[in-house]
Amino acid sequence: ALDSDFIASARDRGIHLPGMQTNIDEWYSAMDVFVLASHREGFPRAAMEAAAMGLPVIATDIRGCREVVEPGYNGLLVPVNNSKALAGAINELAASPQLREQMGKASRAKALRDFDERQIVHIVISAQLTALRETGRYDDLPTPEPPEVVMREALPADAAIIARLHADSIGTGFLSSLGPRFLRHLYASMISYPDSKVIVAADAYGPVGFVSGVKDVGRFYKHFAATKGFAAGLVALPRLVRPSALRKFWETATYDAEHQETGAELLSMSVASDYRRRGLGAALATRLLDELSAAGIDRVKVVVGSENAGARSLYQSVGFEDKDTIEVHRGEQSVVMVADRSSHFGVDTG
Ligand SMILES: CC(C)(COP(=O)(O)OP(=O)(O)OC[C@H]1O[C@@H](n2cnc3c(N)ncnc32)[C@H](O)[C@@H]1OP(=O)(O)O)[C@@H](O)C(=O)NCCC(=O)NCCS
């Protein structure tokens, strides 16, 4: 597209126009600075390649180039159509071998971090697998990298999978009766509420198990109603207005006051079926009790269906004891269990 007079005058000024080249790595190796003065770009591959080859990059301040160049870190950005600014940037780097070396190293680091194909493919596949887990799939996903399941605090992004774990495996109970969309609001609220704890056992795709607890269940429900009440109420309304659901809510909400029981409660826990009987449930419940205890709360209750032998023996194994029987879960009997750690430390030796 360049006319022959222009090419001739460029050559006279020492500019090389090598034409089509395929050995581009050798060309990048010969460069001190990579300059891309485009008016418009998608996501410039040449600039990414130059960064991967450890070159400082000077580019125009446009979409795409901004993804490759962090100004002052691995190169410089100049306004479009501004030859003075472009020449200024080139001169600045030409004058300083030290700056070129520093920015070149930063370019290489950025390329490895942000442009490595393997990284990108890994991120895209992980995001899709996380989305699959949100639909309730755990076992038939490829082994994550790293494959370990670790305990950590839940993040806002975990709310959907936690709600799914709850809806899939806790069939009874007041919360389950409200449905998965409501649960998603509830867990999002709990994750961000300072007086509650949600801990997950998670691999690279997200949680495979969780436990939730609050320092004061009455206060938490009030907070939830005040902040998410409208949105959550709308999705739960058809279920909430059922008299049986209202009765359950009332019984749950008034239990503590009536029985002068602790407000701290392990509200829910679940481990995906393929991950059960490996100690995850016990580790989650223990960590919740440890964290509540560290926050000064030594007495914690849990309400569990009396038929749920697995959960009852798990709770027992981490220190809960049967205290009372109530009727909350769809007319079924539930057991109120209490873990009281204060008694272990309350011995008066004086
Ligand atoms: C209850 C639940 C969370 C247990 O999770 P888990 O990771 O399998 O539990 P662990 O492996 O840590 O089990 C610890 C101990 O609890 C007891 N236990 C757990 N599940 C049990 C079961 N199904 N039957 C009998 N005992 C069981 C055992 O003593 C076990 O120790 P062991 O494996 O050495 O014998 C899990 O079964 C689940 O998600 N169930 C459905 C949801 C639910 O009922 N939640 C509780 C109501 S809110």
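Check region 161-168 and report whether any residue there is buried (at least 20 other Cβ atoms within 10 Å of the Cβ), assigned by TED's automatic domain parsing to the domain that holds L289 and either of a type in the set (D, E) or not in a helix (DSSP H, G or I) (or both).
Within region 161-168, none of the residues are buried (at least 20 other Cβ atoms within 10 Å of the Cβ), assigned by TED's automatic domain parsing to the domain that holds L289 and either of a type in the set (D, E) or not in a helix (DSSP H, G or I) (or both).
Per the listing S189, S177, the residue uniquely more than 26 Å from I297 (Cβ to Cβ), in contact with a Lys or Arg (Cβ under 8 Å, 6 or more places away or on another chain) and assigned by TED's automatic domain parsing to the domain that holds R287 is S177. Screening the candidates I58, I62 for the property of being touching a residue at least 24 places away in the same chain (Cβ under 8 Å) and assigned to a strand (DSSP E or B) yields one hit, I58. Screening region 276-301 for residues that are charged (D, E, K, R) and assigned to a helix (DSSP H, G or I) and picking the one that is nearest to the ligand (Cβ to nearest atom) gives R287. Scanning region 254-275 for residues that are within 12 Å of the ligand (Cβ to nearest atom), among the polar types (S, T, N, Q) and within 26 Å of K222 (Cβ to Cβ) yields S268, S270. Evaluate the following for S169: is it of a type in the set (S, T, Y) and at pLDDT 85 or above? It is false that S169 is of a type in the set (S, T, Y) and at pLDDT 85 or above.
Total residues in region 66-119 satisfying the condition of being of a type outside the set (K, R), open to solvent by less than 50 Å² (accessible area, probe 1.4 Å), in a helix (DSSP H, G or I) and without any contact (Cβ under 8 Å) to a residue 60 or more places away in the chain: the figure is 12. For residues that are out of contact with any strand residue (DSSP E or B) (no Cβ under 7 Å at 6 or more places or on another chain), surrounded by 17 or more Cβ atoms within 10 Å (Cβ to Cβ) and in contact (Cβ under 8 Å) with a residue 40 or more places away in the chain, tally how many sit in region 24-52. Counting residues in region 24-52 that are out of contact with any strand residue (DSSP E or B) (no Cβ under 7 Å at 6 or more places or on another chain), surrounded by 17 or more Cβ atoms within 10 Å (Cβ to Cβ) and in contact (Cβ under 8 Å) with a residue 40 or more places away in the chain gives 2.
Rundown of residues vs (1) at pLDDT 75 or above; (2) open to solvent by less than 20 Å² (accessible area, probe 1.4 Å); (3) small (G, A, S); (4) part of a strand (DSSP E or B), yes/no style:
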position	(1), (2), (3), (4)
M190	yes, yes, no, no
Y221	yes, no, no, no
L237	no, no, no, no
S244	no, no, yes, no
F249	no, no, no, no
D274	yes, no, no, no
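The set of residues in region 120-129 that are open to solvent by 40 Å² or more (accessible area, probe 1.4 Å) and either under 26 Å from A285 (Cα atoms) or of a type in the set (A, V, I, L, M) (or both) comprises I120, V121, I123, V124, I125, A127. Determine if region 141-154 includes at least one residue that is part of a helix (DSSP H, G or I) and exposed (fewer than 11 other Cβ atoms within 10 Å of the Cβ). Among the residues of region 141-154, not one is part of a helix (DSSP H, G or I) and exposed (fewer than 11 other Cβ atoms within 10 Å of the Cβ), which makes the answer no. Within region 315-334, not a single residue is in a strand (DSSP E or B), at pLDDT below 95 and within 15 Å of G213 (Cβ to Cβ). Within region 172-184, no residue satisfies the criterion of being open to solvent by 40 Å² or more (accessible area, probe 1.4 Å), at pLDDT 80 or above and touching a Gly at 6+ places or on another chain (Cβ under 9 Å).
The values are calculated or read from the model by the stated rules, or taken from the named source; none is laboratory data. Quantities reported herein were computed from a predicted structural model and do not represent experimental measurements. We place every Cβ from the backbone using ideal geometry, glycine too, and count neighbours over all the protein chains shown. What goes into the accessible areas is simple: the full protein's heavy atoms, side chains included, and nothing from ligands, DNA or RNA. Shrake-Rupley method; radii C 1.70, N 1.55, O 1.52, S 1.80 Å.
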